[in-house]
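These notes concern the structure reproduced below.
The numbers here are math on the coordinates, done by the rules we state, and not lab data. What you see is a predicted model, and the numbers here were worked out from it, not measured in a lab. Don't worry about glycine lacking a Cβ; one is built from the backbone with ideal geometry, like all the others, and counts go over all protein chains shown.
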């Protein structure tokens, strides 16, 4: 990547612009497995600002794409350049050595660095526009019109009678009787010990993997650490649940036991500590309910979407749709590399007699892609301006007194409708005599010839709305 000097300003709550200090570092000061690390807040988008010949240029990148060699760190710059209190900017840091340098006052900064001031000010303006443009594209990102009756309906799944039990479409990986759905990584029979409704790690025999492979998946696993507890730290009831053989959810007995935060039970190992420690005492059965979205790559093998993981441990959310930096590993995570789109569920042999039971998985379907009919241009007809104006007015959505109205306005060659308690107006274009189609929604207004009512067609239903006098 070359010599890249990325500076970060760390905000301090003071009215003086000089209260901001510069800090450098090649990555997070909270190193992997640091004992003083606290649960991090997940980050989806960051603004990286490399400095080249003294000038900075913004580049908006995805969370995963910014992680070249080291864990990332974010800091906030507030009032560093004399901006008013409450105006803050965020940017990424990275530097090869640690140092501190006080920021000059605004007057001194302008006198000695006018070109940099205008460059940085322009940079932040461009960056804010880039962020606005990016997030404005979220509107209708699926391509389907809202409430579309053509959009495919979800498959009916019969749920279980009790929490934790498999729904009708689940793949049963362990039913309490047999390890037939598992094998060794080399394809052999598992050597783990089968008990009454459970199986147990046989230390030294190696991991076992499911014969079924999964990509996006909902996974349920129940486990119990040995009782009485033996050992301390990571050498205490240790195992792991690996998704696609790459992403580990830590299994560990850390009930009233000390270990590093990103290695506790419920951690995405080495990356995200659990949001809460809900571990039960040794020997008691615990549950993991995991939702996993696999990473996506383009045809050239470039990562286009990192993996995401949600974990519910004993009924408590401990991982909230976290963005995964790369395959988990001890000491540091590994970089992403394109591979098969599915992989087995692996259970780790870490030398401890951890027990497992009631394991099942549900492959999660993808969202239905929008089709050409849904995205086809609306066949708009021409309507005289006077005719359009005749539809404008206030309409009653219900018979309650003093209820706010639906307001319809004529705007050029189309109508605009504002529903009560809505922030924005909605555009409708004419598609027939007195019939108007919403541009973003699968809905229509059909006005009566006498202009006293309109029929609101939406979601397979029709609602008659009366015009106010």
Check: Considering the Cα trace of segment 377-467, what is its radius of gyration and what is Dmax, both in angstroms?
Finding: 12.5, 40
Notebook entry, point to check: Quick one: if you stick a label point 7 Å off each Cα along the C-beta vector at residue 446 and residue 320, how many nm between them?
Noted result: 4.6
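Per 0.36 nm of contour for each residue apart, how much would the distance between residue 212 and residue 298 grow if the chain were fully extended, relative to their Cα-Cα spacing?
Full extension from residue 212 to residue 298 adds 28.5 nm.
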Check: Can you give the extra length, in nm with one decimal, that the chain gains between residue 431 and residue 386 once fully stretched, where that is 0.36 nm per residue apart less the Cα-Cα distance?
Finding: 14.5 nm
Check: What is the list of residues in segment 258-289 whose amide nitrogen lies under 14 Å from a point 7 angstrom out from the Cα of residue 157, following Cα to Cβ?
Finding: 289
Item checked: residue 184-residue 334 FRET efficiency (beta carbon distance; Förster radius 25 Å; 0.05 resolution) -> 0.65
Note to self: Modelling each spin label as a point 7 Å along the Cα-to-Cβ direction, I'd like the residue 371/residue 146 distance in nm, to one decimal.
What the structure shows: 2.4
Margin query: Can you compute the FRET efficiency between residue 194 and residue 232 using 1/(1 + (r/R0)^6), with r the Cβ-Cβ distance and R0 = 35 Å? Round to the nearest 0.05.
Written below: 0.75
Next item on the list: Can you tell me the relative contact order of segment 377-467? Whole percent, Cα pairs under 8 Å, sequence separation 6 or more.
Entry: 21
Check: Using alpha-carbon positions, what is the distance between the centroids of segment 340-393 and segment 183-203, in Å?
Finding: 37
Item checked: Residues 244, 426, 411 arranged by fewest to most Cβ contacts within 10 Å -> 411, 426, 244
Checklist line | Relative contact order (percent, whole number), segment 171-363, Cα cutoff 8 Å, 6+ residue spacing | finding: 33
